Amino acid sequence: MLKSIPLFLGLAAASLSAMAQTPAAPARAAAPAANAAPASCPALLHQNFKRLQDEAPQDLCQYAGKVVLVVNTASYCGYTKQYEGLEKLNAKYAARGLVVLGFPSNDFKQESANAKEIADLCYNTYGVKFPMFASTVVSGPNANPLHASLAKLTGKEPKWNFTKYLIGRDGKVIEHFPSKVAPEDPALVSKIEAAL
C-alpha cells in the first residue's frame with residue numbers, strides 16, 4: 001500500500017501538469033490574430049529613400065496606415081521658417097496618426113549640397129524631429145518616384161519649395177497645397193483633422 005502512494009502522487013502530479021497546460025492551447029490558437037500582418041502598403045508608399053542624417057535606407061511602407069504630409073524643403077528659402085510649423089503639426093498630431101515627411105531638394109537652387117549642413121539646420125535651428133530624407137529631385141523628368149506619382153495623381157508638381165501633398169491612411173492623395181499655404185493654415189489643418 002505504501003509503495004503505491006508515490007506512484008499515485010506521481011500520476012496526480014502528471015495529471016495536474018497536463019491540466020495546467022490545457023488552457024495554453026487556446027492562447028496559442030489566438031496568437032496569429034495578435035501577430036496579424038501590418039496594414040498592406042499602398043502603391044504610393046512602395047518607395048525607398050535614404051535618411052538625411054546617415055543615408056540609412058528607409059522603406060516608406062513603415063508609414064502605411066498613417067496620414068502622411070509630404071513636403072519638399074530647402075534651407076535658403078523665404079519659406080524655410082515653415083520647418084517650425086511643420087514640426088508643431090507633426091508633434092501635435094503624431095499620436096493620432098500623422099507623420100510629416102521632409103524631402104530636401106535643390107530643384108529651385110535654394111538647398112545646400114552638404115547633407116550635414118541641411119541636417120544641422122533642420123535639427124539644431126528648427127528642432128525638426130519628423131523624418132527627413134536625403135536631398136532629391138522633386139520636379140521635372142528626373143523627379144523621384146514618389147513625387148512623380150504625386151504630380152501625376154494631382155496634376156500638380158512642385159512649383160517651389162515647401163509644396164505639400166496630404167495622403168490619407170488608405171494611401172490616396174487627399175490634396176495638394178502650394179508653398180504659400182503655411183503649416184498652421186486652417187485649410188491644411190482642417191484637412192489633416194478630417195483625415196485623422
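Miscellaneous remarks
- Cα-Cα pairs of region 55-102 separated by more than 16 Å (percent): 46 percent
- Across all Cα atoms of region 122-196, the radius of gyration (one decimal) and Dmax (whole number) stand at 13.2, 35 Å.
- Segment LYS172-ALA94, extension gain: residue separation times 0.36 nm, minus the distance between their alpha carbons: 26.2 nm
- Amide H contacts of GLU175: LEU166, each under 5 Å away and 5 or more positions distant or on a separate chain (H built 1.01 Å from N in the peptide plane; Pro and chain starts excluded).
- Long pairs among LYS50/LYS152; LYS81/LYS180; LYS50/LYS116; LYS88/LYS191; LYS109/LYS159; LYS152/LYS180, criterion Cα-Cα beyond 18 Å: LYS50/LYS152; LYS152/LYS180
- A straight Cα-to-Cα reach below 17 Å connects LYS172 with the aspartates and glutamates GLU157, GLU193, residues fewer than 8 places away in its own chain not being considered.
- Alpha-carbon Debye profile of region 43-195, log10 I(q)/I(0) at 0.14, 0.15, 0.19 Å⁻¹: -0.60, -0.70, -1.22
Here, each number is a calculation from the coordinates, and none is a lab measurement. From a predicted model like this one, the values you see are computed outputs, not experimental measurements.
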